[in-house]
Structures are given as structure tokens and as C-alpha cells.
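As C-alpha cells, the structure follows; a few thoughts come after it.
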Amino acid sequence: MNATALAVGLCLASAAAYAAAAVAQERLARAAVARTTRALLGNGAWWWSAGLNAAAALLHAAALRYGPLTLVQPLGALTLVAAVPMGARGAGRRVAATEWRGTVATVLGLGLLLLPASGPAPDDTLTLAEALVVSGATAAAIGLLTARRDVRSGLRHATASGLASAVASALTQTVAVAGGRGGSLLSGRVLAVAGLVAVFAVGGMLLSQRAYRGGLGAPLAVVNLANPLAAAAIGMVLLGERLQGGPVGLLLAVAGALAAARGVLLLTRTAPGGGPAEPAGSPRAAGRVAA
């Protein structure tokens with residue numbers, strides 16, 4: 001089995017675990033028990049979802065050992081494919097037509113992004129200085145996204161979660177590739193980067209937990225859109241990764257980004273229960289906000 005096929009297989013297993021964790025997190029986020037961090041830490045179901053996230057992260061880290069960021073990250077969209085029907089089944093309802101259209105558009109868009117992203121196994125890694133700069137810039141962006149707290153902050157928290165997960169993946173690839181070359185896993189750079197991985201991985205999970213209070217589909221779609229785009233930017237700017245296919249590959253990437261954005265927009269129009277979302281000024285929507 002070549003490196004690309006192995007990376008794809010590991011991504012599939014990772015996406016299934018992430019989907020199950022996302023469904024569990026969304027249920028907790030909509031329950032009163034999940035309103036505070038202290039309540040989460042005392043809840044067994046949350047630790048179960050955290051374990052699923054950890055298993056998914058390990059599979060994802062293994063995939064990053066064999067595939068570039070621009071290949072591995074877009075495959076995270078498969079989490080959305082699995083999570084939307086799993087969430088609907090858990091809620092005892094059918095997947096709404098708008099949810100299907102939004103999911104398909106998002107996944108097809110990310111698939112178009114994936115086509116020009118297939119490249120060789122990763123070779124370059126982040127230096128400690130680059131890792132610190134990327135981490136600092138991402139932390140600042142997350143701070144700006146989550147500074148305001150209102151009833152519509154779910155998608156901002158989802159964007160912040162996607163950014164945190166993308167940086168965690170880029171840093172994880174540095175640890176995996178550096179260790180795979182026969183280098184010491186106990187070197188100062190590897191240990192420092194591993195510490196940053198832990199911070200962003202846990203932060204991304206907590207941010208997604210907050211984002212899921214308004215439902216599953218739209219926040220998860222935003223996470224799966226922000227994550228590969230941010231990771232691709234890191235890969236191309238700092239790791240020497242390139243889109244394949246020249247101008248045609250660039251056009252595919254742009255078309256994919258537009259299709260994925262359309263999918264996210266469709267998912268934002270679906271209420272958590274599966275029906276169409278209420279207009280912001282409607283009496284029912286106002287009632288939900290008051291509650």
C-alpha cells in the first residue's frame with residue numbers, strides 16, 4: 001500500500017470517530033448539564049466523547065505521517081457525511097432535504113479542493129520559531145472570534161475550532177515527520193511543539209462543544225471548512241506544499257471553496273430539529289432566544 005492510500009484509509013477511520021464524538025458533543029451542548037466546563041468534566045458521557053476525539057486525533061496524526069496537509073485535512077469533510085445522519089437518527093427523525101443538500105454541497109466542494117491537493121508524502125516540518133508564530137497568530141484570531149458572546153456566536157466558535165484544529169494538525173505533522181525520520185522525540189523542539197498540539201487540540205474540542213449549542217450541521221460544516229483551508233494555507237506558505245495541476249488546479253480549488261460555502265449556507269438555514277430555521281425576528285425564534 002502506497003503512502004497516499006494509507007493516509008486516506010486512516011482519514012476514513014478518523015472521520016468516523018470524529019463524527020460519533022461530534023454527535024455526542026452536540027447532545028451534551030443542548031442539555032443543561034453541558035452549560036459549564038465544570039459540569040462537562042463531571043459528566044461521564046462527555047469523557048466518552050473526549051475519548052472518541054482522542055482516538056480520532058491519533059488516527060489523524062498517523063495520516064499526517066503519510067500524507068500532506070493539503071490532502072489529509074479536506075478528507076475531514078467525511079465527518080460531516082457521517083455526523084448529520086447519525087445526529088438525526090439519534091434524535092429520532094429523518095435527515096431534512098436541506099441538510100442533505102447542504103451536506104452534499106459541502107462535501108463535493110471539499111472534494112474539488114482535494115483533487116489538486118494530492119501530493120507526495122510530507123517532507124518539510126515547521127521550525128520552532130514558525131510553530132510559535134503560527135500559534136500566536138492563531139490564538140489572537142481565536143480571541144477575536146470568541147470575544148463577543150451572543151446568541152449567534154455558534155458559527156464564530158466553530159470557525160475558531162476549525163482554526164485551532166488546523167494548527168494542531170500542522171504541529172502534529174511536525175512531530176510525526178520529525179520522529180519518523182529517526183530523530184529524537186525528546187528533543188526540545190519536538191517537546192515544545194507537542195505541548196502546543198495538546199493546547200490547540202483541547203481548545204478546538206472545547207470550542208466545538210460551545211458551537212454545537214445551536215445544532216450540529218452548520219457548526220460542523222464550518223469546522224470542516226475552516227480546518228482544511230487554514231491547514232492548506234500553512235502547508236503552502238510554510239511547508240512548501242503546492243496545489244497540483246497549475247491554473248486548472250487553482251480553478252478547481254476556487255470552485256470547491258464556493259460550493260462548500262454554499263453548503264454551509266444551506267446548513268445554517270436548518271434549525272436544530274431538522275426543519276427550516278426561523279427568521280431572526282419571528283416570535284418563535286424570539287422565544288428560543290429568551291429561553
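The values are calculated or read from the model by the stated rules, or taken from the named source; none is laboratory data. Fair warning: this is a prediction, and the values are worked out from it, not measured in the lab. Here the Cβ is made from the backbone with ideal geometry for all residues, glycine too, and neighbour counts use every protein chain on show. For accessibility, only protein heavy atoms count, side chains too; no ligands or nucleic acids. Shrake-Rupley method; radii C 1.70, N 1.55, O 1.52, S 1.80 Å.
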Self-check item: Approximate spin-label separation Val254-Ala140, in nm, with each point projected 7 Å along Cα-to-Cβ
Solution: 2.9 nm
Quiz item: How high is the FRET efficiency between Thr4 and Val237 when r is their beta carbon distance and R₀ equals 35 Å, given to the nearest 0.05?
Solution: 0.95
Exercise. Give the accessible area for Met236 in Å² (nearest 10); use a 1.4 Å probe, count only protein heavy atoms, and leave out ligands, DNA and RNA.
Key: 60 Å²
